[in-house]
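Here is the structure we will look at.
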């Protein structure tokens, strides 16, 4: 509660007193309490996990009929249980996100670009199927790993994403979630040292998380990648991530996480925003579309193309994407490109559409600043 009052003292003078101050204080205090409990839970696991990791590094990878080492980590066991092939992959990931990360049904629905009722039903059906089929709570045999690994990787990836860009709460980043995803990815790499996609996912997380300190300024406002102070980027994480991404790429045909890690590496290797190799990034996104097509990847590629071929070409690509009408980053990207093209009124409409789809207060303030800047230019 004291922390909530501190937040109020910092924000209310600038943003105004909310309509229901008491409810606002209670909600912020609740969020702070949940964050603290999660952090304490992560801390309790760390020493045990480090001990297990040392043991895993000393063990050979399991052969057929053998278990992949006894992992003293309840969360990782839960991931493997929820990712049983008896469940559809979407149900596996949704259930694990709910059980492992404590993500709300709304947050999971946003991750899947789906409706909340449909996501809730998917989770309920998955729980019932686990109970009906008596799916065991255990790490699978070595030969069972390939059929479970895609869902395990997808779960860790989405947990990290929710931590790195929180869909709810008062902060832009939920470090307890992103940190836990990185921790569990390290365990997975130790279990599967010859699996390039596990290594690629860990590389992607480290390279992305290395920018965390630069993503908000001293007043807590969001900072675009191109405007970030790169001296704040975590050099140790970058070095480790670059090495892991190279190892993953050399380990066999690159999967989607390894390709994304190479994209993150291209950003990390640029000493200044102006030195970013956008042509290389656009090519990597095109490769990503071939091996794992999705409208979100199409959007990312369109933004990269806009940076090397101009805003008009990027806008044409964005306007050809189907299925992202309810996805806030699409409208923000459209607004940015329209503004660069001098189409002020359309840019304002795009930013307002983005604002309607944004729950995180840090992101909302960022878009509101965009709208205010647009209004001042009109």
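Given the criteria buried (at least 20 other Cβ atoms within 10 Å of the Cβ) and either farther than 17 Å from residue 152 by Cα or out of contact with any strand residue (DSSP E or B) (no Cβ under 7 Å at 6 or more places or on another chain) (or both), does residue 195 qualify? Against the criterion (buried (at least 20 other Cβ atoms within 10 Å of the Cβ) and either farther than 17 Å from residue 152 by Cα or out of contact with any strand residue (DSSP E or B) (no Cβ under 7 Å at 6 or more places or on another chain) (or both)), residue 195 qualifies.
The rows are residues; the columns are (1) at pLDDT 75 or above; (2) surrounded by 18 or more Cβ atoms within 10 Å (Cβ to Cβ).
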position	(1), (2)
117	yes, no
121	yes, no
130	yes, yes
136	no, no
146	yes, no
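Among the conditions (1) crowded, with 16+ Cβ neighbours inside 10 Å; (2) outside any helix (DSSP H, G or I), the only one that residue 347 does not satisfy is (2). Taking the numbered list (1) over 22 Å from residue 177 (Cα atoms); (2) part of a loop (DSSP other than H, G, I, E, B); (3) in contact (Cβ under 8 Å) with a residue 24 or more places away in the chain in turn, residue 282 passes all entries but (2). Of all residues in region 294-316, none are surrounded by 14 or more Cβ atoms within 10 Å (Cβ to Cβ), part of a loop (DSSP other than H, G, I, E, B), touching a residue at least 24 places away in the same chain (Cβ under 8 Å) and touching a helix residue (DSSP H, G or I) at 6+ places or on another chain (Cβ under 8 Å). Residues in region 282-293 include at least one that is at pLDDT 95 or above, under 22 Å from the mean Cα position of the chain (by Cα) and closer than 23 Å to residue 239 by Cβ. Every test in (1) more than 18 Å from the chain's Cα centre (by Cα); (2) outside any helix (DSSP H, G or I); (3) buried (at least 16 other Cβ atoms within 10 Å of the Cβ); (4) in contact (Cβ under 8 Å) with a residue 40 or more places away in the chain is passed by residue 321 save one, and that test is (4).
The rows are residues; the columns are (1) within 19 Å of residue 160 (Cα to Cα); (2) free of Cβ contacts under 8 Å to residues at least 40 places away in the same chain; (3) surrounded by 18 or more Cβ atoms within 10 Å (Cβ to Cβ).
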residue: 216; (1), (2), (3): yes, no, no
residue: 223; (1), (2), (3): no, yes, no
residue: 230; (1), (2), (3): no, no, no
residue: 242; (1), (2), (3): yes, yes, yes
residue: 249; (1), (2), (3): no, no, yes
residue: 254; (1), (2), (3): no, no, yes
residue: 257; (1), (2), (3): yes, no, yes
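Quick grid of which residues meet (1) closer than 19 Å to residue 183 by Cβ; (2) touching a helix residue (DSSP H, G or I) at 6+ places or on another chain (Cβ under 6 Å); (3) part of a helix (DSSP H, G or I):
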{"position": "202", "(1), (2), (3)": "yes, yes, yes"}
{"position": "207", "(1), (2), (3)": "yes, yes, yes"}
{"position": "220", "(1), (2), (3)": "no, no, no"}
{"position": "226", "(1), (2), (3)": "no, yes, yes"}
{"position": "231", "(1), (2), (3)": "no, no, yes"}
{"position": "236", "(1), (2), (3)": "yes, no, yes"}
{"position": "240", "(1), (2), (3)": "yes, yes, yes"}
{"position": "243", "(1), (2), (3)": "yes, no, yes"}
{"position": "252", "(1), (2), (3)": "no, yes, no"}
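Candidates are the residues of region 7-36 that are at pLDDT below 80 and exposed (fewer than 13 other Cβ atoms within 10 Å of the Cβ); the one that is farthest from residue 104 (Cα to Cα) is 14. Please work out if residue 113 is in a helix (DSSP H, G or I), at pLDDT below 75 and out of contact with any strand residue (DSSP E or B) (no Cβ under 9 Å at 6 or more places or on another chain). No: the conditions fail for residue 113. Of all positions in region 170-177, none carries a residue that is in the same structural domain as residue 188 (by TED's automatic domain parsing), in a helix (DSSP H, G or I), at pLDDT 75 or above and under 17 Å from residue 92 (Cα atoms).
The values are calculated or read from the model by the stated rules, or taken from the named source; none is laboratory data. Computed from a predicted structure; not experimentally measured. Cβ: placed from backbone, ideal geometry, glycine included. Neighbour counts: every protein chain shown.
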